[in-house]
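A short write-up of the structure that comes next.
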Amino acid sequence: MSLHINHPDTPEAALQRVVHFFEHLQPSDVAQIAQLYTADAQFKDPFNEVQGIAAIEHIFTHMFEALDAPRFVINQQVHNGAQCFVTWDFFFSMPRMDKGATQIIRGATHFVLREEAGVWRVAVHRDYWDAAEELYEKLPVVGGLMRWLKKRANS
């Protein structure tokens, strides 16, 4: 995948590059994160909190190693200058679980963009999704416990 930057660049154009990147992400594309993210970018999700290109690349490389056929579908985008928010569905299957059945996690990401030398890039990437509902409840033994706890909490 080639990422083309028109000049002058804008936050809106940067968001479109990021959306396109994630919707078409393949293992060979992970190395292009440096074109989209600042060198000191911060990334946080329910399992990780890292800073820097190499650490962010590692998260996505691991995703491709641990999951079968991971892919993102961006559903909505909102931006206000350098502040961007997208909602997404993440589809994948887990090796050795549910005979390869496709799983889905629904979540959202807050991106904060920063302009450096005329190019807008992601400085902050924060994913929001409910690990209990979207992942743990779907696991064999843990899922039963999570559903029971949820039921007790809602009583």
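The values are calculated or read from the model by the stated rules, or taken from the named source; none is laboratory data. Quantities reported herein were computed from a predicted structural model and do not represent experimental measurements. Note: ideal-geometry Cβ built from the backbone for every residue, glycine included; neighbour counts use all protein chains shown.
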How do the pairs read when you match residues in segment 72-97 that are of a type outside the set (A, V, I, L, M, F, W, C) with residues anywhere that are in a loop (DSSP other than H, G, I, E, B), using Cβ under 8 Å and keeping only pairs 6 or more apart or on different chains?
Ser93/Leu67; Ser93/Ala101; Ser93/Thr102; Pro95/Leu67
Do any helices (runs of 4 or more DSSP H) lying entirely in segment 1-77 carry at least 3 residues that are modelled with pLDDT of 95 or more and among the charged types (D, E, K, R), and which ones are they?
11-23
Note on segment 1-53: residues among the hydroxyl-bearing types (Ser, Thr, Tyr) and either surrounded by 15 or more Cβ atoms within 10 Å (Cβ to Cβ) or under 17 Å from Val112 (Cβ atoms) (or both) are Thr10, Tyr37, Thr38
Which count do you get for residues in segment 112-149 that are surrounded by 13 or more Cβ atoms within 10 Å (Cβ to Cβ) and at pLDDT below 95?
16
Collect the residues in segment 56-71 that are without any contact (Cβ under 8 Å) to a residue 12 or more places away in the chain and charged (D, E, K, R), keeping them in residue-number order.
Glu65
Residue pairs, Cβ under 6 Å, 6 or more apart or interchain, first in segment 24-37 and small (Gly, Ala, Ser), second at pLDDT 95 or above and surrounded by 15 or more Cβ atoms within 10 Å (Cβ to Cβ). List them.
Ala34/Ile53
Tell me yes or no: at least one residue of segment 75-92 is over 26 Å from His7 (Cβ atoms) and exposed (fewer than 12 other Cβ atoms within 10 Å of the Cβ).
yes
